[in-house]
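Below is one structure, written out as structure tokens, with a few remarks after it.
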Protein chains: 2
Amino acid sequence: MDHQNSPIDFYFDPCSPYAYFAATGIEALAARHGRTVRWRPVSLLALFKASGTTPAPMVPLRGPYVIHDVARTAQLHGIPYRKPVNFPQLLLAAPRAMLWIEDAYGAAQTATFAKRCFSAYFVEGVDLAQDEEVVRLAQEQGVDGARLRIALQGTAIKEALKTAGEEAIARGVFGVPFMIVDDEPFWGFDRFDQLERWLEKAAATQAAA
Amino acid sequence: MDHQNSPIDFYFDPCSPYAYFAATGIEALAARHGRTVRWRPVSLLALFKASGTTPAPMVPLRGPYVIHDVARTAQLHGIPYRKPVNFPQLLLAAPRAMLWIEDAYGAAQTATFAKRCFSAYFVEGVDLAQDEEVVRLAQEQGVDGARLRIALQGTAIKEALKTAGEEAIARGVFGVPFMIVDDEPFWGFDRFDQLERWLEKAAATQAAA
């Protein structure tokens, strides 16, 4: 099998700070090894239901630690970060809009929009839970806001996010960020080092073949 | 406050593979920054109860991933590792014996014994759930096996582990490995990089003062 060109599937939910950190670096990481990134929005809620787990910020003892760890991790990696006013909270319009944009405008627009949503939520203090904010950000990059607004009221967009979650779960995804490349799974921003080593090894094997 | 000499509190349970990985490197990491390690055995069971969580290997979807991640992490770091025959399982005699050995022989003996237990369980295939195996390993380093055997039947040793868990929880510990230094908490072998950066910065601050 020719792995050289197989992309990295990057599963994320815009509500996750660790997914945000990963989003700031995943494309550069992929490019260093001749790979591309497939941006795969999912809802953490579906993943939590499937694995029977609770969002980390809401777990006793672990919650306060995670809040602290997120800020420390951002600082260590030099990533701009400001704790959102409402955190943690469920975001549904944003990942739904991403899937709709992919369908209507293509994958590159979704990647741009995903990164824009992360910055808006984790740096600029935008309340991404509001449909109107999601539409506004999409419009900024040329998306038809009127059409998106109508789509957000429909059922098709909700089904699309549900299906995306089911497909992710079927591949073993239980949290975000989650990267799958050459069928190898990596969970967490703190597995970027292992992902990088994996890609190095794959490239070396390819070169030797 | 003089941080230069304050030790790293290293919380661990010998049943945890990530704690084992951390145990292979924590003393060298501490020494690089002029610190020492206080080995703090706890029972993960008490921590899970306090935070209302489930051992990761037993969580749907996450379980198979963790088994895979443990083996991959060992390989990446060049740490010898063989999945124990019974895994995951609760180990109580080993951490209890560690606390007893500290009381009877001092902290250095406990550190040696802790590392010996990890190797026995995660490399040599020793069934550490058996009291007799725990006694045998302790005897190998000069501990009085007859006295330890009697202690393992008593209530004092059980109370000691319970108290150790309560003290850890009071400091915010909810999993292992968990390192606290200068009141800063670090959870997980994959936070060794952040721990190292923290110690570097503390040393630089100290030197500048």
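Can you give the Rg to Rh ratio of the range A:156-208, both from alpha-carbon atoms, with Rh computed by the Kirkwood formula? My calculation puts Rg/Rh at 1.13. Sorted from shortest to longest, the distances between the B:G78 label points of this copy and the other copies are 2.8 nm, with each point 7 Å from Cα along the line through the beta carbon. Remark on the range A:8-208: hydrodynamic radius 17.4 angstrom, per the Kirkwood mean of 1/r across alpha carbon pairs. Counting only protein heavy atoms and a 1.4 Å probe, the range B:8-208 has 43 square angstrom of accessible area per residue. Taking θ as phi - 60° and the Karplus parameters 6.51, -1.76 and 1.60, the scalar couplings of the range A:7-14 work out to x, 8, 7, 10, 8, 8, 10, x Hz in sequence order, x denoting glycine and proline. With R₀ fixed at 56 Å, the C-beta to C-beta distance from A:A208 to B:T155 puts the FRET efficiency at about 0.35.
Between B:K162 and A:D193, the simple label model (points 7 Å from Cα in the Cβ direction) yields a spacing of 3.9 nm. Sorted from closest to farthest, the other copies place their A:I67 label points 3.7 nm away, with each point set 7 Å from Cα along Cα→Cβ. Globularity index of the range B:64-103 is 1.56 (Cα radius of gyration / 2.2 N^0.38 Å, N = number of residues).
Shown for A:G25: label points 7 Å from Cα along the beta-carbon vector, and their distances to the equivalent points in the other copies, 1.4 nm in ascending order. Between B:H77 and B:T36, the FRET efficiency from the beta-carbon distance, with R0 = 22 Å, is close to 0.45. Taking 26 Å as the cut-off for C-alpha to C-alpha distance, list the pairs among A:K162/B:K49; A:K83/A:K115; A:K162/A:K201; A:K115/B:K201; B:K115/B:K162; B:K49/B:K158 that go past it. Listed pairs above 26 Å: A:K162/B:K49; A:K162/A:K201; A:K115/B:K201.
Shape analysis of the range A:35-136 yields a ratio of the Cα radius of gyration to the Kirkwood radius, Rg/Rh, of 0.98. When the Cα atoms of the range A:1-46 are aligned to their principal axes, the ranges along those axes come out at 35, 21, 10 Å in descending order. Express the relative contact order of the range A:73-171 as a whole percentage, based on alpha carbon pairs under 8 Å and six or more residues apart in sequence. After rounding, I find 31 percent.
Comparing A:A93, A:A114, A:A74 in a Gaussian network model of chain A where C-alpha atoms under 10 Å apart are linked, the largest mean-square fluctuation is found at A:A74. Can you list which of the DSSP-assigned H helices in chain A have a Cα extent of 15 Å or more along the long axis and an average Kyte-Doolittle score of at least -1.0? Helices meeting the span and hydropathy rule in chain A are A:17-32, A:62-77, A:93-105, A:107-122, A:156-170, A:192-208. Summarised in one figure, the compactness ratio Rg/Rh of the protein assembly as shown, Cα atoms and Kirkwood Rh, is 1.02.
Once A binds B, the 1.4 Å probe can no longer reach about 2800 Å² of accessible area, counting both sides.
Leaving ligands, DNA and RNA out of it, report the carbon-plus-sulfur percent of the accessible area of the range B:8-208 at a 1.4 Å probe. Within the range B:8-208, the accessible surface is 54 percent carbon and sulfur. Pairs of Cα atoms nearer than 8 Å and 6+ residues apart set the relative contact order; for the range B:8-208 it is 31 percent.
Accessible-area loss of 30 Å² or more (1.4 Å probe, protein heavy atoms, chain alone versus all protein chains) is found in the range B:174-190 for B:F174, B:E184, B:P185, B:W187, B:D190. Of all beta-carbon atoms in chain B, the one sitting closest to the axis that brings chain B onto chain A gives B:D190, 2, with the distance in whole angstrom.
The values are calculated or read from the model by the stated rules, or taken from the named source; none is laboratory data. No experiment lies behind these values; they were computed from the predicted model shown. When we count neighbours, we look across all protein chains shown, and the Cβ atoms used for this are built from the backbone with ideal geometry, even at glycine. Heads up: the accessible areas ignore ligands, DNA and RNA and are worked out on the full protein's heavy atoms, side chains in. Shrake-Rupley method; radii C 1.70, N 1.55, O 1.52, S 1.80 Å.
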